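Scroll down for the structure; my scribbles are underneath it.
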Amino acid sequence: MAVVRYASGQDVLPGDRVQIESRFKGTVVACIDTAAYLPPHTHEQWGYLKGGVMIDTDFGGLVHYPDQSDLDDESVTLVERAHT
């Protein structure tokens, strides 16, 4: 499985707080490629998407970023690392 990364090279992890387009915020709730989910989200719920990450945003609820290219242009940046 591929690991989705921020433009900075850091792996995207469930629970990460992110900034989107320099004006919105969100929390990563699913890394579908690695089957890692922030409860209560599950593989059964999001596995059909086949890849990418799901972010719970403050502008539109859950948003699926299906490709690594969605994160490569620095539109989604890490603000605070997930607490494990």
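Bear in mind these aren't lab numbers, they're just calculated from the coordinates by the rules spelled out. In this text, all values refer to a predicted model and were calculated from it rather than measured experimentally. Every residue, glycine among them, receives a Cβ derived from its backbone with ideal geometry; neighbour counts consider all protein chains shown.
Just checking, which of PRO14, PRO39 is touching a His at 6+ places or on another chain (Cβ under 8 Å) and of a type outside the set (Phe, Trp, Tyr)?
Numbers: PRO39 fails: touching a His at 6+ places or on another chain (Cβ under 8 Å).
None of the other options fit; the residue is PRO14.
Taking the residues in the stretch 27-79 that are of a type in the set (Val, Ile, Thr) and touching a Gly at 6+ places or on another chain (Cβ under 6 Å) as candidates, determine which candidate is surrounded by the fewest Cβ atoms within 10 Å (Cβ to Cβ). Talk me through it step by step, then tell me what you get.
If we filter the stretch 27-79 for residues that are of a type in the set (Val, Ile, Thr), which is where we start, we get 27-29, 32, 34, 42, 53, 55, 57, 63, 76-77, 79.
If we keep only those that are touching a Gly at 6+ places or on another chain (Cβ under 6 Å) too, we end up with 32, 55, 57.
On the way: ILE32: 22, ILE55: 25, THR57: 17.
Of everything passing the filter in the stretch 27-79, THR57 is surrounded by the fewest Cβ atoms within 10 Å (Cβ to Cβ).
Would you please list the contacts, defined by Cβ atoms under 7 Å and residues six or more apart or on different chains, that run from a residue in the stretch 6-33 that is at positive phi to a residue that is assigned to a loop (DSSP other than H, G, I, E, B) and of a type in the set (A, V, I, L, M, F, W, C)?
From residues that are at positive phi, the pairs are GLY15/LEU38; GLY15/ALA82.
Restricting to the stretch 1-16, what's the tally of residues that are in a loop (DSSP other than H, G, I, E, B), over 12 Å from MET54 (Cα atoms) and touching a strand residue (DSSP E or B) at 6+ places or on another chain (Cβ under 9 Å)? Spell out the reasoning first.
Of the residues in the stretch 1-16, the ones in a loop (DSSP other than H, G, I, E, B) are 1-4, 6-10, 12-16.
From what is left, the residues that are over 12 Å from MET54 (Cα atoms) are 1-3, 6-10.
Of the ones still in play, those that are also touching a strand residue (DSSP E or B) at 6+ places or on another chain (Cβ under 9 Å) are 3, 6-8, 10.
So the count comes out to 5.
Any idea which of (1) more than 16 Å from TYR6 (Cβ to Cβ); (2) touching a strand residue (DSSP E or B) at 6+ places or on another chain (Cβ under 8 Å); (3) touching a residue at least 12 places away in the same chain (Cβ under 8 Å) is the one LYS50 doesn't satisfy?
All conditions pass for LYS50, except number (2).
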